[in-house]
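Data block below; observations after.
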Amino acid sequence: MRLTALLPLIFVAPGFAVAAEPVPLPDVPAAVEHVTKATTLAGTDLAKPLFLCRPDAIKTVVKALREGTDQWLEPTRAFDNLYFVGNNFVGVFILRTSDGLILFDSSESTEQARDHLVPGIRQLGLDPKDIKYVIVTHAHWDHYGGAKYLKDTYGARIGLSEPDWILLEHEAPGSLERGEQTPPTRDLVVTDGQKLTLGDTTVTLYVTPGHTPGTVSAIIPAKEGGKTYPVSLLGSTAFPPNLQPNEHAGGLLAYDNSVRRFAEVSRDAGAVGILNTHLFADGTTERLAVARARTQGQPNPFLIGTDAVGRYYAILDQCLLAAEARPLQPDAWTKSFAAKTDAD
């Protein structure tokens with residue numbers, strides 16, 4: 001059974017797939033109206049997240065998983081104190097403070113953390129022994145896979161929200177959320193609005209349910225040239241298939257409420273940039289490429305301005321409204337794995 005026959009779904013653990021779902025119906029007029037608004041908002045500079053408006057958006061996620069997991073990017077300094085190590089599917093943002101490192105996500109597995117993340121941190125001139133916190137944006141294997149290794153090896157504190165600790169603790173081996181990864185044991189419980197201070201740096205964390213029951217997002221103080229620029233990291237990407245909350249996901253309605261609220265949080269914080277550890281979802285791939293190539297005096301590609309940050313969240317809002325207007329598809333999160341697959 002080949003992966004190409006197994007769409008749509010939300011996540012696929014490596015080597016596994018879920019049962020096939022029906023081909024999505026043609027889009028409904030109410031959804032088209034929201035897609036049109038999102039496209040207008042995107043203009044030419046924020047087109048990347050528009051794939052989330054499509055009925056078959058999950059194909060983009062699966063394509064990134066299949067093709068991007070083994071495509072490792074050059075470790076990159078995005079700001080004077082903020083770095084990225086990862087592949088073309090998912091990665092880790094590393095925040096340097098005067099008293100150590102805060103990581104956002106942990107790579108997909110122990111092997112990735114050991115063989116790619118840690119060497120990448122060293123390549124950037126940082127010491128993995130300085131990792132003090134790993135904030136896991138949500139309880140899926142591709143975000144917490146390396147957390148246990150980082151805790152066991154460097155003593156890092158691992159943080160998730162209470163709902164996502166519960167989700168993680170109930171994930172069965174081989175499930176869509178866990179895959180074959182060993183999760184970390186319960187540690188730091190992230191609360192909504194929590195301020196995490198390490199040395200000279202304070203990060204504000206927010207619980208933004210939707211993609212999972214307790215996804216965590218953050219306002220991060222990025223520094224460059226002696227100035228501090230608040231940037232907005234959204235902990236979610238793919239839309240869940242359920243409208244209302246269930247044990248696997250907060251649901252579309254909660255996701256939209258979270259997006260609207262976090263847009264306000266970002267506006268109030270004066271956020272001038274956006275981040276997502278699934279870098280294909282918001283244009284981070286292209287911004288990292290520019291960051292690697294830029295010379296002294298050239299503008300930072302992550303500084304897109306408060307207006308663009310607001311438009312980004314308005315795009316997500318419209319795409320979520322489009323998803324809510326469509327007939328719901330069966331809940332792929334609850335299906336058992338159908339078969340091993342050669343994802344060619």
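The values are calculated or read from the model by the stated rules, or taken from the named source; none is laboratory data. As the structure is a computational prediction, the values presented were derived from the model and not from experiment. Cβ atoms come from the backbone with ideal geometry, glycine included; neighbour counts cover every protein chain shown.
With respect to (1) basic (Lys, Arg); (2) within 22 Å of residue 263 (Cα to Cα); (3) buried (at least 20 other Cβ atoms within 10 Å of the Cβ), the lone exception for residue 178 is condition (2). Kindly evaluate residue 8 against the criterion of being at pLDDT 90 or above, in a loop (DSSP other than H, G, I, E, B), surrounded by 15 or more Cβ atoms within 10 Å (Cβ to Cβ) and over 16 Å from the mean Cα position of the chain (by Cα). Taking the combined requirement at face value, the residue does not satisfy it.
Listed here are the residues, each with its yes/no results for (1) surrounded by fewer than 22 Cβ atoms within 10 Å (Cβ to Cβ); (2) farther than 23 Å from residue 245 by Cα; (3) in contact with a strand residue (DSSP E or B) (Cβ under 7 Å, 6 or more places away or on another chain).
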site	(1), (2), (3)
149	no, yes, no
170	yes, no, no
186	yes, no, no
194	yes, yes, yes
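Checked across segment 40-49, the condition of being without any contact (Cβ under 8 Å) to a residue 40 or more places away in the chain and more than 22 Å from the chain's Cα centre (by Cα) holds for at least one residue. The set of residues from segment 110-147 being surrounded by fewer than 21 Cβ atoms within 10 Å (Cβ to Cβ) and either in a strand (DSSP E or B) or of a type in the set (S, T, N, Q) (or both) comprises 110, 123, 132.
Looking only at residues that are of a type in the set (S, T, N, Q) and closer than 19 Å to residue 288 by Cβ in segment 88-109, which one is surrounded by the fewest Cβ atoms within 10 Å (Cβ to Cβ)? Full working, then the answer.
Initially, segment 88-109 is screened for residues of a type in the set (S, T, N, Q), giving 88, 97-98, 106-107, 109.
Next cut, closer than 19 Å to residue 288 by Cβ only: 88, 106-107.
Values: 88: 18, 106: 31, 107: 30.
Within segment 88-109, the match that is surrounded by the fewest Cβ atoms within 10 Å (Cβ to Cβ) is 88.
Cβ separations smaller than 9 Å between residues 6+ apart or across chains give the following pairs from segment 110-135 residues that are among the small types (Gly, Ala, Ser) to residues that are assigned to a helix (DSSP H, G or I): 113/147; 113/148; 113/149; 113/150; 113/153.
Residues that are over 29 Å from residue 321 (Cβ atoms) and among the acidic types (Asp, Glu) occur at least once in segment 185-203.
Here residue 286 fulfils each of the conditions (1) farther than 27 Å from residue 94 by Cβ; (2) surrounded by fewer than 20 Cβ atoms within 10 Å (Cβ to Cβ); (3) of a type in the set (Asp, Glu) apart from (1). Filter segment 45-58 down to the residues that are modelled with pLDDT under 95 and surrounded by fewer than 16 Cβ atoms within 10 Å (Cβ to Cβ) and list them by number. Correct list: 56 only.
Quick check on my filter: what residues within segment 246-279 are in a loop (DSSP other than H, G, I, E, B) and either touching a Lys or Arg at 6+ places or on another chain (Cβ under 6 Å) or buried (at least 17 other Cβ atoms within 10 Å of the Cβ) (or both)? Explain how you work it out, then say what you get.
Residues of segment 246-279 in a loop (DSSP other than H, G, I, E, B): 246-251, 270-272, 276-278.
Result: 248, 249, 250, 251, 271, 272, 276, 277, 278.
Scanning segment 85-124 for residues that are more than 20 Å from residue 182 (Cβ to Cβ) and of a type in the set (Lys, Arg), which turns out farthest from the chain's Cα centre (by Cα)? The extreme case among them is 122.
Taken together, the residues in segment 58-81 that are hydrophobic (A, V, I, L, M, F, W, C), under 20 Å from residue 291 (Cα atoms) and not in a loop (DSSP other than H, G, I, E, B) amount to 1. Comparison of 159, 210 shows that the only residue that is in contact (Cβ under 8 Å) with a residue 24 or more places away in the chain and not in a strand (DSSP E or B) is 210.
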